[in-house]
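J.: What follows is a structure written as structure tokens; I'll ask about it next.
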Amino acid sequence: MAAIYLIRHGQARFGEADYDQLSVRGVKQSQTLGEALSQVGIQVELAVCGGMRRHHQTSEHVLGSMRAPVQRLIDPDWNEYDHQEVISAYRPDYADPDLLRRDMMSMPDPHRAFQSMFKRAASRWMSGEHDIDYHETWTAFRGRCGRALRKLQDRISETGENALVFTSGGPVAAVVKDLLDLTDARCAELSWTLVNCGMTKLIVGKHNVHLSVLNDHTHFEGDQAGLLTYR
């Protein structure tokens, strides 16, 4: 049976004007994951990448460290939802990303402050009570992620290819939600636990997809423990 390995991108540049690129640590995370995959001998024939820069950068460093020739495809259906829109619908003043960045960086713990605010913003989005405020509703986002998975399932169930998918935490959580029939609240909780360059493995049959491994990050244990990040 074929396998899909969902890879959350490496750490992006939190607190900077251009978030959509890897930090120095994110590059190292990606390289470390690629080395780990190479060491255990995982065989993949296909790499599917979302359309965001952090997805592409992660894929380049992972695949470069694996030194494995694979076919590469781009599928924007694996893109993350628009977190800026989710935030600004909750806090219209934060439609100015510079104000958001200044406010968060002025806090004693910017990551914790952002996480607390973003949980409330995401809960509003996921509630379905304010869908008119969003270009892509929570329901539409889930549908897009499901479509991305089905397209890949249709392909590899016929070819037997194993695939790496470079994406974000939102799509990973949305896919797992539907596979395990999680509530929206549990899905949101899950999304906060997904680590940068964590790996979720799906087993693909002709008619079904099964979750095998969730959020594996054993490659960030021991000497590499300092690479573990959640945002």
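J.: I'd like the per residue volume of the convex hull spanned by the Cα atoms of the stretch 82-135, given in cubic angstrom.
T.: Hull volume normalised by residue count: 65 Å³.
J.: Could you tell me the calculated FRET efficiency between M1 and L179, based on Cβ-Cβ distance and R0 = 25 angstrom, to the nearest 0.05?
T.: For M1 and L179, the calculated efficiency is 0.95.
J.: Of K28/K206; K119/K177; K177/K206; K119/K201, which pairs sit farther than 28 Å apart, going by alpha carbon to alpha carbon?
T.: Checking Cα-Cα distances, K28/K206 exceed 28 Å.
J.: Going 7 Å from the Cα of E35 in the Cα-to-Cβ direction, what parts of the stretch 190-224 have a backbone nitrogen less than 17 Å from that spot?
T.: It comes to 197-198, 217-224, nothing else.
J.: Would you calculate, for the chain, the mean residue ellipticity at 222 nm contributed by helices, counting each DSSP H stretch of 4 or more residues as -39,500 (n - 2.57) and dividing by all residues, to the nearest 500?
T.: Theoretical 222 nm ellipticity from helices: -15000 deg cm²/dmol.
J.: Something else now. Starting from 0.36 nm per residue, how many nanometres of slack lie between Y230 and R112 once their C-alpha separation is accounted for?
T.: My answer for the length gained is 41.4 nm.
J.: Between D93 and K119, with labels modelled 7 Å along Cα→Cβ, what's the label distance in nm to one decimal, could you check?
T.: Taking the two extended label points, one gets 2.2 nm.
J.: So I have (1) 13.0; (2) 15.4; (3) 12.3, and one of them is mean projected area of the Cα convex hull in nm² calculated from this model. Which one is it?
T.: Calculated mean projected area of the Cα convex hull in nm²: the matching label is (3).
J.: If you don't mind, another one. Nothing charged except the Cβ atoms of Lys and Arg (+1) and of Asp and Glu (-1): what's the magnitude of the dipole of the chain about its Cα centre? Round to the nearest 20 debye.
T.: About 320 debye.
J.: Turning to a different aspect of this structure: Dipole of the stretch 41-140, Cα-centred, from +1 at each Lys and Arg C-beta and -1 at each Asp and Glu C-beta, to the nearest 20 debye?
T.: Value, rounded to 20: 480 debye.
J.: Still on this structure, I have one more. Determine, for each peptide in 159-165, 110-116, the mean count of other beta carbons within 10 angstrom over its residues, then list the peptides with the highest first.
T.: 159-165, 110-116
J.: Using only Cα atoms, locate the centre of the stretch 67-123 and the centre of the stretch 174-220, then give the distance between them in Å, rounded to an integer.
T.: 20 Å
J.: Okay, next question. Compare the peptides 219-226, 149-156 by average per-residue count of other Cβ atoms within 10 angstrom and give them in order, highest first.
T.: With the highest mean Cβ count within 10 Å placed first, the list reads 149-156, 219-226.
None of the figures in this text is laboratory data; all of them are computed from the coordinates on show. No experiment lies behind these values; they were computed from the predicted model shown. Don't worry about glycine lacking a Cβ; one is built from the backbone with ideal geometry, like all the others, and counts go over all protein chains shown.
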